[in-house]
Amino acid sequence: MLPEVWAAVGREDWEGARERLEADPDLLASREGQMALGYVLAYTGDPAGAREVYGRLRQAHAGDPWEHIAVHQLGMVERLAGEHRAALRLFAEERALIGALPETEQPWKRAVNGYELTVCHLALGEVGQACAALEEALADAHAADDPMTLGCLHRARGDLAAHEGDQAGARAAYQESAALFREAGDERAAADAQSRADEWKGGA
């Protein structure tokens, strides 16, 4: 049932995802089910509910290696709610927790964290900090050899270029993002990135 829940999330069928969760009380009560529930709540305009879900998960895993995931999700909730400064505080907490994990696990986790830092700094107009976070995250994502995270990061690179009015840079970054998403098998994200690239076709 859990794959069906995430498949519905991938289609942005939020009602279908929630219905599948609520149809399986054992799944809903599990950590995996609560993770999915929090995601649905965050994306359907219920940040308070999502905070409660992920806050409970963080409390349940305080001090263990999984805690940083709950903190990451709490940061995501704040970002989606437009509370970018609060999100940055949480992502800073997550980064400290990642630093305590085995070294082999850190690059990919730092890359995902760095993507969120980039997005939040850009939303706040902090372009220099966004660029610094992006470059560090790109290095980590290359070390982890993860096309999905690289796709997200190059999409963010396109957003940064677009913010700066760099039409050619934005187009190139979005095209690279689309190619990476295709490599990762995410056609929906690839189509979105390609659409963004097409908007900048007139760039010199």
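Can you tell me which residue in the range 157-178 is surrounded by the most Cβ atoms within 10 Å (Cβ to Cβ), limited to those that are in contact with a helix residue (DSSP H, G or I) (Cβ under 9 Å, 6 or more places away or on another chain) and not in a helix (DSSP H, G or I)? Give the steps one after another, and end with the answer.
Residues of the range 157-178 in contact with a helix residue (DSSP H, G or I) (Cβ under 9 Å, 6 or more places away or on another chain): 157-164, 166-178.
Next cut, not in a helix (DSSP H, G or I) only: 164, 166.
Working: Glu164: 12, Asp166: 17.
Of everything passing the filter in the range 157-178, Asp166 is surrounded by the most Cβ atoms within 10 Å (Cβ to Cβ).
Is it fair to say Glu183 is more than 27 Å from Glu83 (Cβ to Cβ), in contact with a Pro (Cβ under 6 Å, 6 or more places away or on another chain) and assigned to a helix (DSSP H, G or I)? First the steps, then the outcome.
Numbers: more than 27 Å from Glu83 (Cβ to Cβ): yes; in contact with a Pro (Cβ under 6 Å, 6 or more places away or on another chain): yes; assigned to a helix (DSSP H, G or I): yes.
The answer is yes for Glu183.
Arg171 - would you say it is basic (Lys, Arg) and closer than 18 Å to Leu117 by Cα?
Details: basic (Lys, Arg): yes; closer than 18 Å to Leu117 by Cα: no.
So Arg171 does not fit the description; no.
Kindly provide the set of residues from the range 69-94 that are over 14 Å from the mean Cα position of the chain (by Cα) and farther than 15 Å from Ala123 by Cα, ordered by number.
Ala92, Glu93
So if I check each of His142, His154, which one is touching an Asp or Glu at 6+ places or on another chain (Cβ under 7 Å), more than 30 Å from Ala62 (Cβ to Cβ), of a type outside the set (Val, Ile, Thr) and assigned to a helix (DSSP H, G or I)?
Numbers: His142 fails: touching an Asp or Glu at 6+ places or on another chain (Cβ under 7 Å).
It is His154.
Scan the range 1-51 residue by residue and report those that are of a type in the set (A, V, I, L, M, F, W, C), assigned to a helix (DSSP H, G or I) and farther than 19 Å from Arg79 by Cβ. Talk me through it step by step, then tell me what you get.
Going through the range 1-51, the residues of a type in the set (A, V, I, L, M, F, W, C) turn out to be 1-2, 5-9, 14, 17, 21, 23, 27-29, 35-37, 40-42, 48, 50.
Right, trim to assigned to a helix (DSSP H, G or I) and you get 2, 5-9, 14, 17, 21, 27-29, 35-37, 40-42, 48, 50.
Selection gives Leu2, Val5, Trp6, Ala7, Ala8, Ala17, Leu21, Leu27, Leu28, Ala29.
Have a look at Leu90, Leu74, Leu28, Leu97 and point out the one that is in contact with a helix residue (DSSP H, G or I) (Cβ under 9 Å, 6 or more places away or on another chain), over 23 Å from Asp146 (Cβ atoms) and of a type in the set (A, V, I, L, M). Walk me through how you get there before you give the answer.
Working: Leu90 fails: over 23 Å from Asp146 (Cβ atoms); Leu74 fails: over 23 Å from Asp146 (Cβ atoms); Leu97 fails: over 23 Å from Asp146 (Cβ atoms).
When all the criteria are applied, what remains is Leu28.
Is at least one residue of the range 122-131 buried (at least 20 other Cβ atoms within 10 Å of the Cβ), over 15 Å from Ala161 (Cα atoms) and not acidic (Asp, Glu)?
Let us first name the residues in the range 122-131 that are buried (at least 20 other Cβ atoms within 10 Å of the Cβ), namely 122, 130.
Still in the running and over 15 Å from Ala161 (Cα atoms): none.
For the range 122-131, residues buried (at least 20 other Cβ atoms within 10 Å of the Cβ), over 15 Å from Ala161 (Cα atoms) and not acidic (Asp, Glu): absent.
From Leu80, Leu150, which residue is aliphatic (A, V, I, L, M) and within 28 Å of Ala168 (Cα to Cα)? I'd like the intermediate steps shown before the answer.
Details: Leu80 fails: within 28 Å of Ala168 (Cα to Cα).
One residue alone meets the criteria, Leu150.
Would a scan of the range 19-29 turn up a residue that is closer than 24 Å to Gly185 by Cβ, surrounded by fewer than 16 Cβ atoms within 10 Å (Cβ to Cβ) and at pLDDT below 95?
Within the range 19-29, not a single residue is closer than 24 Å to Gly185 by Cβ, surrounded by fewer than 16 Cβ atoms within 10 Å (Cβ to Cβ) and at pLDDT below 95.
Which pairs do you get when a residue that is on the phi > 0 side of the Ramachandran plot, found in the range 134-161, comes within reach of a residue that is basic (Lys, Arg) and in a helix (DSSP H, G or I), reach meaning Cβ atoms under 9 angstrom, with the pair 6+ apart or on two chains?
Here the result reads none, with nothing in the range 134-161 linked to a residue that is basic (Lys, Arg) and in a helix (DSSP H, G or I).
I need the full set of residues from the range 179-195 which are at pLDDT 95 or above and surrounded by 20 or more Cβ atoms within 10 Å (Cβ to Cβ), in order please.
If the condition is that a residue be at pLDDT 95 or above and surrounded by 20 or more Cβ atoms within 10 Å (Cβ to Cβ), then Leu180, Phe181, Ala193 are the ones that fit.
The values are calculated or read from the model by the stated rules, or taken from the named source; none is laboratory data. Fair warning: this is a prediction, and the values are worked out from it, not measured in the lab. Cβ atoms come from the backbone with ideal geometry, glycine included; neighbour counts cover every protein chain shown.
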